[in-house]
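In what follows, a single structure is set out as structure tokens and then discussed.
The values are calculated or read from the model by the stated rules, or taken from the named source; none is laboratory data. These figures come from a predicted structure and were not determined experimentally. Here the Cβ positions follow ideal geometry from the backbone for every residue, glycine too, while neighbour counts run over all protein chains shown.
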Amino acid sequence: MFNEQKIGKILLTIAVLFVCVIFVGCVKAQKQGNDMLRFMFYNVENFFDTTKDPAINDNDFLPDGSMRWTQKRYLDKRNRIARVITNVGEWDAPALVGLCEIENRGVLDDLIRNTPLSKYPYSIVHKESPDPRGIDVALLYRSDYLKCIAQQFIHVKFPDNSRRRTRDILYAAFLVSNGDTLHVFVNHWPSRSGGQKQSEPGRILTASIVRQKVDSIFSRNSMANIIVAGDLNDTPLDKSLTSNVALHALTDTSLAKPSALFNLSAYKMNEPIGTIKYQGKWDIYDQIIVSGGLLRGDLRTDVDLCHIFKPDYLLEFDRRYMGVKPFRTYVGMNYINGFSDHLPVYVDIMINNDKK
């Protein structure tokens, strides 16, 4: 009897191990580029070089500027950004990396050539934007997984103030391994400087410009695969996101339909940690929004595949408001050698390679 029980336990253990091996094998079989693509967005917070650019106001981030932005501090920042991108990718660096608050093409070249990211064939989509501080949006993409077939930098014009400047909206289209096209918008909408209500019209205007471009894509293909992502400086429930005169991103993915946008980040609003913390309150300003086509088509994602990346090393104890907060590079003028005041977000896009 004892021997039979012992043999039975051994056989059960072998069976469980066999199932685990099969499961792990299936997980690893989901190879990025062939079976899935990972897209991430990260506001890296003031990724400046140490050289004066006379065309912009970068005086604070110079060796003799108010932030004492030295070469060592720059290199630490560069390496920390590379670490985050690599870690978000887990086994494989993300296929697409949207960034904001980068100063120029030079810091991007340095990031992908002189860090561990150099082992991946990243290409860059970037253009100098009219932002007075010179902070831009950019997109890195892996040329072994994607082919860039179009790119555009959409200027935001404010009818009430022709001299006002903000970041361009970055648009790029990519050919995926199964022959489908993926459209990507990277955004950094106007800040809340001056107050949320006072600054809201600028974000509503920017959102409406994105929506116009999205609708032009929908007019050609109502099931187009579209990602709209970025630091939107509003929550998923604010007017710039929800109003039908702005982005009009719906918050219920069960209503997935053509020619519509759906905010995956809205489902993260009840989580204890958002993407930015201000005066003790977490909010989700960094968002990922997708088209109905990406919820139903041969390129497919879901709420459960969208995440806020929040490892312990990106957080620090919040002495004033308790809990945790993003571990940033500076607190005021005090350099603390952290990462950013924002947490990254990412989403996986599954690829159907058995299209009929």
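Residues are listed down the side, and each one gets a yes or a no for (1) assigned to a loop (DSSP other than H, G, I, E, B); (2) under 15 Å from the mean Cα position of the chain (by Cα); (3) over 30 Å from residue 198 (Cα atoms):
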| position | (1), (2), (3) |
| --- | --- |
| 241 | no, no, no |
| 304 | no, no, yes |
| 307 | no, yes, yes |
| 310 | yes, yes, yes |
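One line per residue, one yes/no per condition, for (1) over 22 Å from residue 92 (Cα atoms); (2) within 16 Å of the chain's Cα centre (by Cα); (3) surrounded by 21 or more Cβ atoms within 10 Å (Cβ to Cβ):
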residue	(1), (2), (3)
124	no, yes, no
140	no, yes, yes
174	no, no, yes
178	no, no, no
182	no, yes, yes
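Taking segment 311-325, which residues are crowded, with 17+ Cβ neighbours inside 10 Å and out of contact with any Phe, Trp or Tyr (no Cβ under 7 Å at 6 or more places or on another chain)? Passing the criteria: only 325.
Just give me the residues in segment 141-162 being within 10 Å of residue 176 (Cα to Cα) and assigned to a loop (DSSP other than H, G, I, E, B), in sequence order.
145, 146
Considering only residues in segment 252-283 that are within 15 Å of the chain's Cα centre (by Cα) and over 25 Å from residue 298 (Cβ atoms), the one that is surrounded by the most Cβ atoms within 10 Å (Cβ to Cβ) turns out to be 275. Of the residues making up segment 113-140, just one is in a strand (DSSP E or B) and either of a type in the set (D, E, K, R) or modelled with pLDDT under 95 (or both), namely 136. For first residues located in segment 232-251 and closer than 13 Å to residue 200 by Cα, partners that are surrounded by fewer than 17 Cβ atoms within 10 Å (Cβ to Cβ) and acidic (Asp, Glu) and lie 6+ apart or on another chain with Cβ distances below 7 Å form the pairs 235/283. Residues that are within 23 Å of residue 128 (Cα to Cα) and without any contact (Cβ under 8 Å) to a residue 60 or more places away in the chain within segment 50-69 comprise 50, 51, 52, 54, 59, 60, 61, 62, 63, 65, 69, listed in sequence order. Of all residues in segment 333-353, those being part of a loop (DSSP other than H, G, I, E, B) and either of a type in the set (Gly, Ala, Ser) or within 19 Å of residue 87 (Cα to Cα) (or both) number 8.
Would you mind stating whether residue 236 is crowded, with 21+ Cβ neighbours inside 10 Å, at pLDDT 95 or above and either closer than 26 Å to residue 138 by Cα or not β-branched (Val, Ile, Thr) (or both)? So residue 236 fits the description; yes. Cβ-Cβ below 8 Å, separation at least six or inter-chain, first residue in segment 72-83 and closer than 14 Å to residue 314 by Cα, second aromatic (Phe, Trp, Tyr) and not in a helix (DSSP H, G or I): which pairs? Once the first residue is closer than 14 Å to residue 314 by Cα and sits in segment 72-83, its partners that are aromatic (Phe, Trp, Tyr) and not in a helix (DSSP H, G or I) give 77/47; 80/339; 81/42; 81/47; 81/339.
Residues that are in contact with a His (Cβ under 9 Å, 6 or more places away or on another chain) and at positive phi within segment 39-68 comprise just one, 45. Restricting to segment 45-69, name every residue that is in contact with a Pro (Cβ under 9 Å, 6 or more places away or on another chain) and either closer than 20 Å to residue 112 by Cβ or surrounded by fewer than 15 Cβ atoms within 10 Å (Cβ to Cβ) (or both). Matches in segment 45-69: 45, 50, 57.
Kindly indicate the residue of segment 86-112 that is assigned to a helix (DSSP H, G or I) and of a type in the set (Asp, Glu) and also surrounded by the fewest Cβ atoms within 10 Å (Cβ to Cβ) among those meeting that condition.
109
Picking from 74, 42, which residue would you name as being in a strand (DSSP E or B), modelled with pLDDT of 95 or more, crowded, with 19+ Cβ neighbours inside 10 Å and among the hydroxyl-bearing types (Ser, Thr, Tyr)? After applying the criteria, what remains is 42.
Out of 220, 192, 167, one residue alone is of a type in the set (Lys, Arg), exposed (fewer than 14 other Cβ atoms within 10 Å of the Cβ) and on the phi < 0 side of the Ramachandran plot. It is 220.
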